[in-house]
Amino acid sequence: MKFMPFVFMLFLSLPTFSHKVLTMVYTTGMTVEGQIAFSDGSFAPKDTLVKVFDNNQQVEEVSVDQYGGFIYQAPKPSNYRFHVDMGSGHIANMMVKPEDFSSYLANEGMDNTDRDLVESTASYSKATLEGVVAKQIRPLREEIFALKEKRYWMDILGGIGFILGLFGVAAWVQSRKYAKPSS
């Protein structure tokens with residue numbers, strides 16, 4: 001019974017994991033967009049500052065809008081790190097690498113279908129196409145972002161099974177203490 005207070009304290013500490021920071025960052029041309037939210041569905045507070053680092057040197061600070069989103073116009077493809085500290089231990093870091101900046105219209109590595117698509121859209125500028133595609137993909141990204149921390153029945157039943165298993169181990173250990181050795 002000496003370990004029961006420890007087990008009780010362990011279960012009391014579990015709710016601390018229920019409110020973690022979720023981040024999403026993506027590029028559209030030379031524009032880097034990101035979103036910061038909590039696992040309970042709330043967004044980062046408006047006007048929260050996001051520090052932008054280029055190769056570990058701070059270059060700028062951008063603020064978050066009411067939906068937890070931020071936009072940074074990158075001057076060149078580079079290793080960018082976006083750091084946000086919202087207090088109470090809510091810290092997030094997001095990375096963008098040079099290869100994340102879009103160059104999907106280059107003909108290198110394209111099959112015939114892709115070449116036909118590029119030729120049929122040649123009258124549109126690269127920025128226009130990136131903007132249209134980003135606008136269409138954004139709802140999908142937001143939906144994936146929202147589902148990232150959703151709990152399912154299988155998760156809940158697995159947690160209940162884990163708890164019952166711990167109690168079973170505790171009962172077994174307790175019964176071994178009071179079992180009389182056979183001679």
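Laboratory data are not the source of any read-out in this text; all were calculated from the coordinates shown. As the structure is a prediction and not an experimental result, all values here were calculated from the model. Positions of Cβ are generated from backbone atoms using ideal geometry, with glycine treated the same way; all protein chains shown enter the neighbour counts.
To the nearest 0.05, how large is the calculated FRET efficiency for Met30 and Ile160 if R₀ is 41 Å and r is the Cβ-Cβ distance? Could you put the intermediate results ahead of the total?
On the way: r = 49 Å, r/R0 = 1.20.
Between Met30 and Ile160 the formula returns 0.25.
Calculate, in nm to one decimal, what Asp40 and Trp153 gain on full extension: separation in residues at 0.36 nm each, minus their alpha carbon distance. Working shown, then result.
Details: separation 113, 0.36 × 113 = 40.68 nm, distance 1.71 nm.
The span from Asp40 to Trp153 would gain 39.0 nm if fully extended.
What nm value, rounded to one decimal, do you get for the distance between Ser63 and Trp172 when each label is placed 7 Å out toward the C-beta?
Here the modelled spin labels are 5.8 nm apart.
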